[in-house]
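Working notes, structure below.
The values are calculated or read from the model by the stated rules, or taken from the named source; none is laboratory data. Please read these numbers as outputs of a predicted model, since none were measured by experiment. Every residue, glycine as well, gets a Cβ built from its backbone with ideal geometry; the counts of neighbours run over all protein chains shown.
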Amino acid sequence: MVAGAMKARGIWQVALSVGLVCGCGHLDYDHQSDPLVPASTADAQAPAAEDASSDAEPRDASSDAGPRDAGGDSGDAGNPVAGDAGDAGDAAIDDCPGDPSKTVAGLCGCGVSDDNSLTWYRDLDGDGFGDSNVPDDQCTQPLGYVADSTDCNDDPTSCGADCSPVQTETIVGLNCADGYDNDCNGSTDDCWLQARFSVSPRAAEVGESFNVDASDSVDLEDSPAALEARWDWEGDGTWDTGFSTTKAASHVYSTAGVYTIRTEVRDTDSNLAQATQTVAVAAAGELLTVTTAVDEDNANSEVSLREALNQTNAGTSSVILLEGSLDILLNPDGSGLNELPRVTGDVTLIGDGTVSINGTNLPNEDVAGDCLWIRSGVFTMVGVELYNCVDDGINVWTDAGTVTLIDNYIHDSGDRGIAIYAPNAVIGPGNRLTRNVEGMSFSTDANSVRVFGNFIYANSQDGIAIDTDGTSGGVIELNQIWSNGARGINAFATASSYTIRHNTVTGNAGSGLFVSPVSTLFRVLNNVFHSSGAGFGIDAELVSFTTLSHNLYFGNAAGTCRACGGQTGDVLLNPLFIDAVPADFRLQSASPAINTATDDSLDVNGALPGNFNGAAPDMGALEAP
């Protein structure tokens, strides 16, 4: 009823304007071409016409004998209206002397550039968003109406934070706990649940206890006490406990090894979230704890990191524990200790996130300037910070064995955060690589490397560089790669058979992905390529791909894909990150990236049922609930 009344009022307004908007009592027809104009009013309404009886122009009130002025006549008697500088001149009397763009008032009158009435929408709650169910057709904006028609709740008594003029209604995460439908999906918003837990110690020997606590998990709608947690001690997807509001637990391992502890947290709406942590279990007598931040190699009672690595290379220990807020300055007095011993044995180096290795005093030269060089063996590093390494943060160059890097923070290196010259390395999840020259590089023999679940950002050149001919079989997936000074991922050599899928690549200065035309057999799918500053989403040619589909492109300065065109399943819309400025690349519930990827048999939702949530996987690195 309200909508109909508004529509009727708009039509009446338009009809009234036809006859009265100008107040001059006539329509501005040219009587030479329109025979319906009465002869008795011709001189009063239009430029004078020549006829058979006389060549003389009729005089106007000022007794001018000449023709009308080029900018519009000064007016015959009864029409003393001058034309504006921008008007067409003698074509018509100027009905709008104060409006250079118009000589004819039209339906909406002078001062309104569009002669068609516009549709406005009621904004009862004053938030700048209008109700599509309450339109009004008017030439000018009515009080209380706006041009937008996307308000999903225009009731000021119940709209919550959505009533704020500065609050965009579709940003879930900023106001998702107010009890209202801010994202316009037809139901009350439900904030993302975040699972978190602590574990102590990070390393122990067989038979010793690990203590965990998920009380730091966060849900904006539920109190911490209402949340429940359960535990998977081996990270194998089989839950070893049931859900309980008692979120602290403990476990003892009977076999040495590296284990992933997984928790799943449930809120009162049965939403689920997961988190993992890695721990190391040493055989009896093989756990070595670093007790000093001093970089030394001597016979005193303290155990330095350098001494611990020498012992593991000799085979007398297998796990090195770093804990207790140590900042280990390598080569502290420039005495020639240089980089740490090259790792040649099987060792797990595990930290609690409070220990850092500082390479400021290393010599400015290749290899000797690396903080860590892994030469062979089975090497695992978890939870360690490396910074100010003069050359590479960590150099992986093994003749035999495998390397696994998890949850490390590597920053401000003089060259690469991680340099990989070896096959079968596993980089992830959880490594943060930032403010290096390159975040990570694949070089000679870096075949079958898996890079997944990492944060690679604000490096001065590429995020990931595939920079040596002949590497093959790598997998780059589930990474967040943003704000790097060149390309997000740069395959500029003759690499082959790489799979690049489910990455969020955004805000890099160059293209999101570059693939050399001499690289072949690349599979690139289910990624988000967003806001490349001076490049394409993908800078490549079709010849390089066996699969190129289901990628989202938006806001890339040079275009979507340079020489590969539109492909199956592409999305060319804003991905609607929750908030890209603080790098929160989770997807809003209205994101076009949700349920639009293709199933590539990759588990993107952890231990939740199936490989993904919803009808199909989401594009990018983060699967929405």
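Among the residues making up the range 523-535, a single one is under 16 Å from F492 (Cα atoms) and buried (at least 24 other Cβ atoms within 10 Å of the Cβ): V524. Only a single criterion out of (1) in a loop (DSSP other than H, G, I, E, B); (2) under 17 Å from the mean Cα position of the chain (by Cα) is not satisfied by V505, namely (1). Just one of the listed residues (I410, I456) is in contact with a strand residue (DSSP E or B) (Cβ under 8 Å, 6 or more places away or on another chain), free of Cβ contacts under 8 Å to residues at least 60 places away in the same chain and not assigned by TED's automatic domain parsing to the domain that holds G507, and it is I410.
Regarding the range 513-520, can at least one residue be identified that is out of contact with any helix residue (DSSP H, G or I) (no Cβ under 6 Å at 6 or more places or on another chain) and over 24 Å from D445 (Cβ atoms)? No, the range 513-520 contains no residue that is out of contact with any helix residue (DSSP H, G or I) (no Cβ under 6 Å at 6 or more places or on another chain) and over 24 Å from D445 (Cβ atoms).
For every residue, the table says whether it meets (1) within 32 Å of the chain's Cα centre (by Cα); (2) aliphatic (A, V, I, L, M); (3) modelled with pLDDT of 95 or more.
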position	(1), (2), (3)
R342	no, no, no
E365	no, no, no
G377	no, no, no
M381	yes, yes, yes
E385	yes, no, yes
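Of the listed requirements (1) surrounded by fewer than 15 Cβ atoms within 10 Å (Cβ to Cβ); (2) farther than 30 Å from F210 by Cα, E339 misses just one: (1).
Right, A446: in contact (Cβ under 8 Å) with a residue 24 or more places away in the chain, in contact with a Pro (Cβ under 8 Å, 6 or more places away or on another chain) and either closer than 20 Å to N503 by Cβ or in the same structural domain as T506 (by TED's automatic domain parsing) (or both) or not?
Answer is yes for this residue.
The set of residues in the range 477-502 being of a type in the set (G, A, S), at pLDDT below 95, more than 18 Å from N526 (Cα to Cα) and part of a loop (DSSP other than H, G, I, E, B) consists of A493, A495. Of the residues that make up the range 324-336, is at least one buried (at least 19 other Cβ atoms within 10 Å of the Cβ) and under 32 Å from the mean Cα position of the chain (by Cα)? No, the conditions are met nowhere in the range 324-336.
Each row is one residue, and each column tells you yes or no for (1) part of a strand (DSSP E or B); (2) hydrophobic (A, V, I, L, M, F, W, C); (3) at pLDDT 95 or above; (4) over 21 Å from S376 (Cα atoms).
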site: G401; (1), (2), (3), (4): no, no, no, no
site: S413; (1), (2), (3), (4): no, no, yes, yes
site: G417; (1), (2), (3), (4): yes, no, yes, no
site: L433; (1), (2), (3), (4): yes, yes, yes, yes
site: M440; (1), (2), (3), (4): yes, yes, yes, no
site: T444; (1), (2), (3), (4): no, no, no, no
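Here the range 225-282 is the region considered, the condition is being assigned to a strand (DSSP E or B) and among the polar types (S, T, N, Q), and the residue that is surrounded by the most Cβ atoms within 10 Å (Cβ to Cβ) is T263. Do we find that A293 is in contact (Cβ under 8 Å) with a residue 12 or more places away in the chain, in a strand (DSSP E or B) and not assigned by TED's automatic domain parsing to the domain that holds N454 in this structure? No; evaluated as a whole, the condition is false for this residue. Listed by first and then second residue, the pairs with beta-carbon distance under 6 Å, at least 6 apart or on different chains, first residue in the range 531-551 and closer than 13 Å to L521 by Cβ and in the same structural domain as S519 (by TED's automatic domain parsing), second among the aliphatic types (A, V, I, L, M) and not in a strand (DSSP E or B), are T546/L521.
Inside the range 369-393, can you point out the residues that are part of a strand (DSSP E or B) and touching a residue at least 60 places away in the same chain (Cβ under 8 Å)? Write out each step before concluding.
Filtering the range 369-393 down to residues part of a strand (DSSP E or B) leaves 372-374, 379-382, 385-387.
Of everything in the range 369-393, those that are part of a strand (DSSP E or B) and touching a residue at least 60 places away in the same chain (Cβ under 8 Å) turn out to be T380, V382.
Residues considered: V524, V528. Of these, the only one that is modelled with pLDDT of 95 or more, aliphatic (A, V, I, L, M), under 22 Å from A616 (Cα atoms) and in contact with a Pro (Cβ under 8 Å, 6 or more places away or on another chain) is V528.
Within the range 603-614, can one find any residue that is in a loop (DSSP other than H, G, I, E, B) and within 16 Å of I476 (Cα to Cα)?
yes
Is there a residue in the range 402-423 that is of a type outside the set (K, R) and more than 32 Å from the chain's Cα centre (by Cα)? Taking every residue of the range 402-423 in turn, at least one turns out to be of a type outside the set (K, R) and more than 32 Å from the chain's Cα centre (by Cα).
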